[in-house]
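Read through the structure below, which is laid out as structure tokens, and then see the notes.
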Amino acid sequence: MELLAVLALPLLGFLLLALFGAKRAAPELNIAVSFATLLAAALLVLRVELHGPILVWHDQFFVDAFNVFLVGLTAFVGFTTALFSRPYMRIEEFHGRLTPQRLRLYHAMYQLFMAAMLLALLTNNMGLLWVAMEAATLSTVLLVSLYRTRASLEAAWKYFILCGVGIAQALFGTILLYFAAEKALGREGMTALLWTHLNTVKGQLEPRVLGLAFVFLLVGYGTKVGLAPLHNWLPDAHAEGPTPVSAVLSGLLLNVALYAVVRCKVLVEGSIGSQLPSRMLMAFGLLSAVLAAFFLWRQKDIKRLFGYSSIEHMGIITFAFGLGGPVANFAAMLHMTVHSLTKSSIFFTAGHASQKAGTQQMDGIRGLLDTNPTIGWGLLLGSFAILGMPPFGVFASEFLILTTAMRVHPWTTPLLLIALGVAFAAIFARVQPMVFGDSEAKPLPHSPALVPVFIHLAIVLTLGVYMPPALAGWYRAAARLIG
Amino acid sequence: MTAHAYTVPILNLLAACLLLISFAMLSRRRTQRLVTLFAWQGTILFLSTCLVAYSSGLREIYYSAALTLLLKVIGLPLILHRLIYRLGAQWDSETVVNIPLTMLVGLVLVIFAFGLAQPISMMATTITRNTLGIALAVILLSFLMMITRRKAVTQVIGFLAMENGLFFAATSATYGMPMVVELGIALDLLVGVFILGLFFFQIREQFESLDLSNLESLKED
């Protein structure tokens with residue numbers, strides 16, 4: 001019941017906003033729908049907490065310890081981003097960058113995107129997972145090109161073609177998976193693509209087919225995670241799309257894509273009985289983290305800067321999943337949570353800061369603490385949090401990942417430390433002059449909604465010093481599941 | 001399973017045609033011709049799916065054959081033709097660099113695809129197992145076409161041809177995916193083409209041309 005509501009509410013919102021999205025009250029409607037989705041997700045999470053995992057509708061949908069916290073996180077960030085986007089998009093409209101028609105498109109696609117992500121998280125069917133990931137891509141292509149400028153069209157085209165090709169590889173991987181599964185599970189009853197069923201028979205699946213399938217699945221979904229060298233679309237899409245879209249891309253979509261990769265990894269590793277998939281995750285993760293950290297130095301655009309920072313963090317999380325074991329998996333999931341909260345809050349403040357300065361170029365953004373202390377403090381604290389300063393939660397997860405890496409694969413530690421150090425220096429050097437110094441920026445026509453920023457940062461801070469037992473329980477159960 | 005004696009040869013023939021069309025696509029310059037070739041690819045896909053359905057006696061494969069006919073033989077080519085007409089791009093052709101070289105690279109890709117598919121097709125029990133290598137080759141050739149071409153419409157046709165290859169892989173290795181998944185894929189494809197159609201107009205409005213070499217300003221400097 002709750003599950004149906006979680007899936008149906010954003011779809012209903014999509015229909016409503018497709019009809020009334022140009023109206024004056026559309027942003028409020030968007031918030032209301034997102035809030036209803038959040039409530040439904042909260043009920044679902046509560047039910048899983050009280051009664052354990054759910055498997056419904058001929059086993060087509062399921063919630064276990066691994067996806068329950070991602071569903072909660074997705075619904076929560078979806079709601080806070082809707083809160084943030086209300087004044088943000090009004091200011092964009094005031095500046096003449098958007099028309100009411102475009103806002104209708106924006107609101108409708110926003111809800112469709114949420115529905116696609118929640119479907120990807122909740123479905124038990126690997127085929128439907130693919131369909132939902134593709135739907136999420138399609139709905140965000142139009143969001144990235146919302147401003148219809150040359151740069152945004154280019155970014156959206158690149159996004160579509162790269163992710164389209166990538167996701168086609170994932171489809172081929174899914175076909176191979178089905179090919180192997182059909183032998184073990186048979187064609188009847190459409191169970192051959194259900195993850196829970198595959199998981200029970202994974203020992204009987206043909207290892208050679210699954211090995212090949214994993215290569216295609218990793219390349220396919222990895223493109224969407226933004227893993228190097230397939231990351232080219234990510235900074236462009238983040239910089240040229242509207243800020244709320246950057247926030248949900250970084251905060252949510254990358255997580256969902258990584259979730260798909262990890263689900264595949266569990267199956268394949270159980271089948272081929274070797275560590276090869278984990279090694280591949282480690283390699284891609286390390287490469288992304290190090291490469292992105294060095295690219296950070298060359299950025300001039302504030303949203304591009306934090307786009308590259310997302311690649312770096314997704315690299316670290318992928319690496320941690322590759323390390324495996326209870327501690328690293330736990331840390332990876334904690335990092336997924338805190339990264340998505342912190343990064344979205346940074347995009348919120350970065351968006352308002354560039355609206356104020358009239359440019360996304362960091363050279364043009366100065367003296368935020370002076371002109372608007374809330375934006376300035378938000379950006380400063382957010383940057384501290386993302387850079388892994390204690391006592392924020394990012395510190396805890398990075399610390400766990402580093403210590404595990406030191407124990408299991410000591411040679412990776414220097415590389416990780418270099419990535420973290422370079423990223424620290426690069427981001428801090430950019431943020432510091434933006435926050436301090438003088439500015440002559442004009443005040444904004446609508447007062448910004450910065451409550452979400454501080455709620456997010458407060459949660460990240462709390463997770464750094466105190467871990468709620470329920471959350472820790474899910475993380476541990478999921479870490480056991482992933483192995 | 002009542003496979004006719006000549007079912008397998010016919011299927012192999014159709015698969016070979018599919019591969020030939022992929023090569024023809026690589027060598028064509030005129031955009032409109034490419035759409036025609038794409039429609040032919042769809043037709044062959046439809047015929048081969050029907051044949052698989054007939055010989056295996058599985059009813060749901062007929063459904064997916066019907067879906068192929070509707071979407072890939074009639075729907076998408078029609079949309080693409082209309083799009084090209086409305087963009088006034090009927091007579092567009094592009095200067096493709098070095099077709100013989102592209103063909104040679106294509107040949108290497110085909111050999112690679114067959115090598116990759118070899119161990120898997122040994123395990124396939126379906127009647128169409130010989131064709132898995134061809135399916136992979138079609139995917140890789142479409143990929144090559146997307147890389148070598150600069151026009152937006154051509155890249156999209158390459159993308160759709162790649163999907164044809166994927167579909168062929170699904171029928172030849174596994175008798176097709178479950179119906180829910182196949183419907184979902186078809187829906188995504190259709191929506192994707194609509195979005196791209198919108199996109200063409202936006203790109204042309206901004207750049208006054210559909211040449212993608214204009215879209216190269218976002219680079220790391």
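State the Cα centre-to-centre distance between region A:189-241 and region B:127-198 in whole Å. Each part's Cα centre sits 17 Å from the other's.
The Kirkwood hydrodynamic radius of region A:55-204, based on inverse pair distances between different Cα atoms, is 17.6 Å.
Sequence neighbours fewer than 8 away in the same chain don't count; with that in mind, list the lysines whose C-alpha is under 22 Å from A:LYS303. Correct list for A:LYS303: A:LYS158, A:LYS224, A:LYS343, A:LYS356, A:LYS442, B:LYS219.
Which value results when the Cα radius of gyration for region A:347-460 is divided by 2.2 N^0.38 Å?
1.24
Relative to 2.2 N^0.38 Å, what does the C-alpha radius of gyration of region B:3-215 come to as a ratio? Two decimals please.
Working: Rg = 17.4 Å, N = 213, 2.2 N^0.38 = 16.9 Å.
That ratio works out to 1.03.
For chain B, the membrane-span-like helices by this rule, meaning whole DSSP H stretches whose C-alpha atoms cover at least 20 Å of axis and whose Kyte-Doolittle mean is -1.0 or above, are B:7-27, B:31-56, B:99-123, B:132-148, B:152-174, B:179-207; this says nothing about an actual membrane.
Taking every C-alpha pair closer than 8 Å and separated by at least 6 residues, the mean separation divided by the residue count of region B:3-215 gives a relative contact order of 24 percent. From Cα pairs below 8 angstrom and at least 6 apart in sequence, can you work out the relative contact order of chain A, rounded to a whole percent? Relative contact order for chain A comes out at 15 percent.
As a fraction of the 1.4 Å probe accessible area of the protein assembly as shown, surface on carbon and sulfur atoms comes out at 68 percent. Spin-label pair A:PHE294-B:ARG82: with each label point 7 Å from Cα along the Cα-Cβ axis, the two points sit 5.0 nm from one another. Remark: relative contact order (region A:1-114) = 44 percent; criterion is Cα-Cα distance under 8 angstrom and separation of 6 or more residues. Using only DSSP helix segments of four residues or longer, with each worth -39500 (n - 2.57), what per-residue ellipticity at 222 nm results for the protein assembly as shown after dividing by its residue count and rounding to 500? Mean residue ellipticity, 222 nm, calculated: -26000 deg cm²/dmol. For q = 0.13, 0.22, 0.25, 0.27 Å⁻¹, what log10 I(q)/I(0) does region A:291-374 give under the Debye formula with an equal point scatterer on each alpha carbon and no solvent? Here log10 of I(q) over I(0) equals -0.52, -1.01, -1.15, -1.23.
May I ask for the distance between the Cα centers of region A:157-186 and region A:105-155, given as a whole number of Å? Using only Cα atoms to place each centre, the spacing works out to 18 Å.
Based only on the alpha carbon positions, what is the Kirkwood hydrodynamic radius of the protein assembly as shown, in angstrom? Computed over the protein assembly as shown, the radius equals 25.9 Å.
Amide H to amide H distances under 5 Å link A:ASN125 with A:TRP195, where only residues 5 or more positions off or on other chains count and H is placed in the peptide plane. Couplings for region A:360-371, taken from phi via the Karplus curve 6.51 cos²θ - 1.76 cosθ + 1.60 with θ = phi - 60°, read 8, 6, 5, 4, x, 9, 9, x, 5, 4, 6, 7 Hz in order; Gly and Pro are left as x.
Roughly speaking, what is the centre-to-centre gap between region A:409-442 and region B:16-69 when only Cα atoms are used, to the nearest Å? Taking the Cα centre of each part, region A:409-442 and region B:16-69 sit 53 Å apart. To the nearest ten degrees, helix A:276-295 and the longest principal axis of the Cα atoms of chain A are 10 degrees apart.
The HN-Hα couplings worked out from phi for region A:21-31 by the Karplus form 6.51 cos²θ - 1.76 cosθ + 1.60 (θ = phi - 60°) are x, 8, 5, 4, 8, 4, x, 5, 4, 4, 5 Hz, whole numbers, x standing for Gly and Pro. Computed from Cα atoms, the angle from the helix A:254-272 axis to the main principal axis of chain A rounds to 20 degrees.
Taken one residue at a time, the phi angles of region A:449-461 give Karplus couplings (6.51, -1.76, 1.60, θ = phi - 60°) of 8, 10, 4, x, 4, 6, 5, 4, 5, 5, 5, 4, 5 Hz. Gly and Pro are set to x.
The distance between label points at B:MET122 and B:ARG59 comes to 3.8 nm (points 7 Å beyond Cα on the Cα→Cβ vector). Chains A and B together bury some 4500 Å² of accessible area, summed over both sides, with a 1.4 Å probe. Note on A:LYS183: lysines with a C-alpha under 26 Å away, same-chain residues under 8 apart excluded, are A:LYS202, A:LYS265. Once backbone amide H atoms are built at 1.01 Å from N, B:LYS151 has B:LEU212 as its partners under 5 Å, excluding neighbours fewer than 5 places away on the same chain.
The values are calculated or read from the model by the stated rules, or taken from the named source; none is laboratory data. Computed from a predicted structure; not experimentally measured. For neighbour counting, all protein chains shown are included, and Cβ atoms are generated from backbone atoms with ideal geometry for every residue, glycine included. All accessible areas refer to the heavy atoms of the entire protein, side chains included, with ligands and DNA or RNA removed. Shrake-Rupley method; radii C 1.70, N 1.55, O 1.52, S 1.80 Å.
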